[in-house]
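I have placed the structure first, in the form of structure tokens, so that the comments after it can refer back to it.
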Amino acid sequence: MAVANWSPALSIVRLNSITEDTPFLICDLETIERRYRELTELIPGLAVFFAMKSNSSGPVLRQVHGLGGSFEVASVAEMRMAAAAGGAPADMLYSNPVKAPDQIAEAAAAGLYRFAFDSEAELRKIAAHAPGASVYARLRVDDHTSLFPLSRKFGVSVQAAGDLLLLASELGLVPYGLTFHVGSQCTNPMAWEGALDQCGTVMRRLLRAGVRLHMLNIGGGFPARYTAPVPDLSLIAAVIGNALGHLPYQPPLLAAEPGRYLVAESGVLAATVIGVDQRDGERWVYLDVGGYNGMMEAVQTGGRWHFPLLTSRPDHFRAETAPTTVTGPSCDSSDTLFYGAALPANLELGDRVYIGTAGAYTSAYASSFNGFPVPQLLYVGDREAVPGRHDHPTLVDAPVAVAV
């Protein structure tokens with residue numbers, strides 16, 4: 001069981017001392033700070049626009065804002081949440097390539113002026129509902145080395161991106177920049193090189209037409225550490241830095257939209273064993289948390305996404321292990337998280353299972369399907385939170401801060 005990336009602030013001793021009912025998701029905010037500083041130090045001059053769809057809880061958003069980051073939003077609801085955490089709409093990026101007309105208008109009225117697009121229809125929609133806005137084209141890039149490819153739904157070709165950015169000027173919009181996404185949890189550093197090479201092609205064409213772009217947005221995809229090895233961020237940063245050097249010019253704003261990279265390793269999801277059984281010679285463990293109330297990515301990948309696992313048992317590291325199918329509490333038979341997980345063979349009813357690297361796309365996905373509760377949100381490391389000050393205040397001066 002790989003536990004090397006477990007936050008020291010969320011040790012088994014500390015987790016076992018928490019008396020809150022499971023499921024709960026506990027987040028170490030100082031881990032977010034470490035990851036943020038690592039990213040901005042390795043890619044100098046980088047402006048961070050947190051992909052808040054990965055974790056939109058108040059303390060997390062305030063942490064990012066306090067570090068100097070802004071937000072990438074996909075809806076006006078996210079824009080409002082980011083604003084409640086201190087962000088100004090004018091500092092945000094609206095990177096959802098397809099938006100409802102009323103959402104565009106509301107965002108523009110609030111002061112948000114930068115919008116992504118990947119089609120002529122979207123460009124004309126923005127021109128109609130946010131006249132004079134700045135727009136950036138989303139390129140379709142090779143994302144086959146990511147766990148979650150995104151290019152089938154989003155992105156345009158190099159040729160189309162150039163055509164559309166020139167059309168933007170004719171429509172009274174500002175051709176502002178380019179963006180791309182190499183796919184969520186990308187494990188190939190060279191994916192960024194290929195994408196930036198495509199950006200360079202568009203930039204050269206526009207430069208010949210007299211258009212210089214203001215922003216180059218390298219998107220997200222930076223991998224978090226689960227159990228499978230991933231390339232170190234320093235390697236990805238070196239590839240990006242080298243590729244930037246081959247562009248025809250350096251746009252004034254170099255942006256990125258990290259989500260999983262910043263928050264995944266900050267979180268541990270705690271669940272309780274509610275059943276243990278043998279089915280056709282296979283050991284099954286049932287938890288009070290499953291795909292629908294926090295672990296949807298495990299279900300989406302058919303159990304191929306291996307999260308680090310620990311348990312509350314005092315003999316966890318000494319006990320004999322047994323391959324285990326780990327499943328959720330709902331009546332949906334597809335609500336199964338892990339296959340062949342190495343868990344203590346003596347794991348029993350009432351023990352806890354701790355799922356590490358669970359800070360991203362867990363609480364954001366959670367629902368109360370089948371009547372099972374979403375995880376309670378707990379935090380450590382939030383030194384500035386004041387009870388009653390925010391929509392999700394935390395309790396300070398306590399061993400564990402609890403969202404109430």
Counting just the residues of the stretch 234-254 that are surrounded by fewer than 20 Cβ atoms within 10 Å (Cβ to Cβ), in contact (Cβ under 8 Å) with a residue 60 or more places away in the chain and in a helix (DSSP H, G or I), which one comes out nearest to the chain's Cα centre (by Cα)?
-> Ser234
Sole exception among (1) within 20 Å of His181 (Cβ to Cβ); (2) buried (at least 21 other Cβ atoms within 10 Å of the Cβ) for Val98, by number = (2)
Checking Arg212, Arg204 in turn, the sole residue that is surrounded by fewer than 22 Cβ atoms within 10 Å (Cβ to Cβ), closer than 19 Å to Gly45 by Cβ and either at pLDDT 95 or above or not polar (S, T, N, Q) (or both) turns out to be Arg212
Name the single residue, out of those in the stretch 65-101 being in a loop (DSSP other than H, G, I, E, B) and within 16 Å of Asp118 (Cα to Cα), that is farthest from the chain's Cα centre (by Cα).
-> Ala100
Residue check: is Ala82 touching a residue at least 24 places away in the same chain (Cβ under 8 Å), more than 24 Å from Pro252 (Cβ to Cβ) and either surrounded by fewer than 19 Cβ atoms within 10 Å (Cβ to Cβ) or among the hydrophobic types (A, V, I, L, M, F, W, C) (or both)?
-> no
If we keep only residues of the stretch 333-347 that are in contact with a strand residue (DSSP E or B) (Cβ under 7 Å, 6 or more places away or on another chain) and not in a strand (DSSP E or B), then the residue farthest from Asp288 (Cα to Cα) is Ala345
Unmet requirement for Ser17, which otherwise passes all of (1) closer than 13 Å to Glu257 by Cα; (2) surrounded by fewer than 17 Cβ atoms within 10 Å (Cβ to Cβ) = (1)
Could you please let me know if Ser17 is closer than 21 Å to Ala366 by Cα and either polar (S, T, N, Q) or touching a Cys at 6+ places or on another chain (Cβ under 7 Å) (or both)?
-> no
Could you list all residues from the stretch 280-309 that are under 13 Å from Tyr226 (Cβ atoms), part of a strand (DSSP E or B) and free of Cβ contacts under 8 Å to residues at least 60 places away in the same chain?
-> none
Would you mind finding the one in Ala345, Ala364 that is modelled with pLDDT of 95 or more and in the same structural domain as Pro308 (by TED's automatic domain parsing)?
-> Ala345
Scope the stretch 310-324; condition part of a loop (DSSP other than H, G, I, E, B) and touching a residue at least 24 places away in the same chain (Cβ under 8 Å); matching residues = Ser312, Arg313, Asp315, His316, Ala319, Glu320
Quick one: how many residues across the stretch 310-359 are under 15 Å from Thr227 (Cα atoms) and in contact with a Phe, Trp or Tyr (Cβ under 7 Å, 6 or more places away or on another chain)?
-> 5
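Do we have any residue at all in the stretch 153-160 that's touching a Ser or Thr at 6+ places or on another chain (Cβ under 8 Å) and either part of a strand (DSSP E or B) or assigned by TED's automatic domain parsing to the domain that holds Leu247 (or both)? I'd like the intermediate steps shown before the answer.
Residues of the stretch 153-160 that are touching a Ser or Thr at 6+ places or on another chain (Cβ under 8 Å), as a first pass: 156, 158.
In the following step, the residues that additionally are either part of a strand (DSSP E or B) or assigned by TED's automatic domain parsing to the domain that holds Leu247 (or both) were identified as 156, 158.
Yes: one or more hits.
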Residue within the stretch 199-215 that is within 18 Å of the chain's Cα centre (by Cα), aliphatic (A, V, I, L, M) and part of a helix (DSSP H, G or I) present = no
Go through (1) within 26 Å of Ile26 (Cβ to Cβ); (2) without any contact (Cβ under 8 Å) to a residue 40 or more places away in the chain; (3) touching a Phe, Trp or Tyr at 6+ places or on another chain (Cβ under 7 Å) one by one and return the number of the condition Glu257 breaks.
-> (2)
Report yes if Glu41 is of a type in the set (Asp, Glu) and either more than 18 Å from Tyr261 (Cα to Cα) or surrounded by fewer than 23 Cβ atoms within 10 Å (Cβ to Cβ) (or both), otherwise no.
-> yes
Looking at (1) crowded, with 22+ Cβ neighbours inside 10 Å; (2) assigned to a loop (DSSP other than H, G, I, E, B), which is the only condition Ala195 fails?
-> (2)
Identify the residue in the stretch 143-159 that is surrounded by 18 or more Cβ atoms within 10 Å (Cβ to Cβ) and of a type outside the set (Val, Ile, Thr) and, among all such residues, is modelled with the lowest pLDDT.
-> Ser146
Could you list, in sequence order, all residues of the stretch 91-136 that are of a type in the set (A, V, I, L, M), over 21 Å from Gly155 (Cβ atoms) and free of Cβ contacts under 8 Å to residues at least 24 places away in the same chain?
-> Ala109
Considering only the stretch 170-212, state which residues are touching a residue at least 60 places away in the same chain (Cβ under 8 Å) and over 19 Å from Ile236 (Cβ atoms).
-> Tyr176, Gly177, Val202
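The values are calculated or read from the model by the stated rules, or taken from the named source; none is laboratory data. Just so you know, these numbers come straight off a predicted model, no measurement behind them. Reconstructed Cβ throughout: ideal geometry from the backbone, glycine too, with neighbour counts over all protein chains shown.
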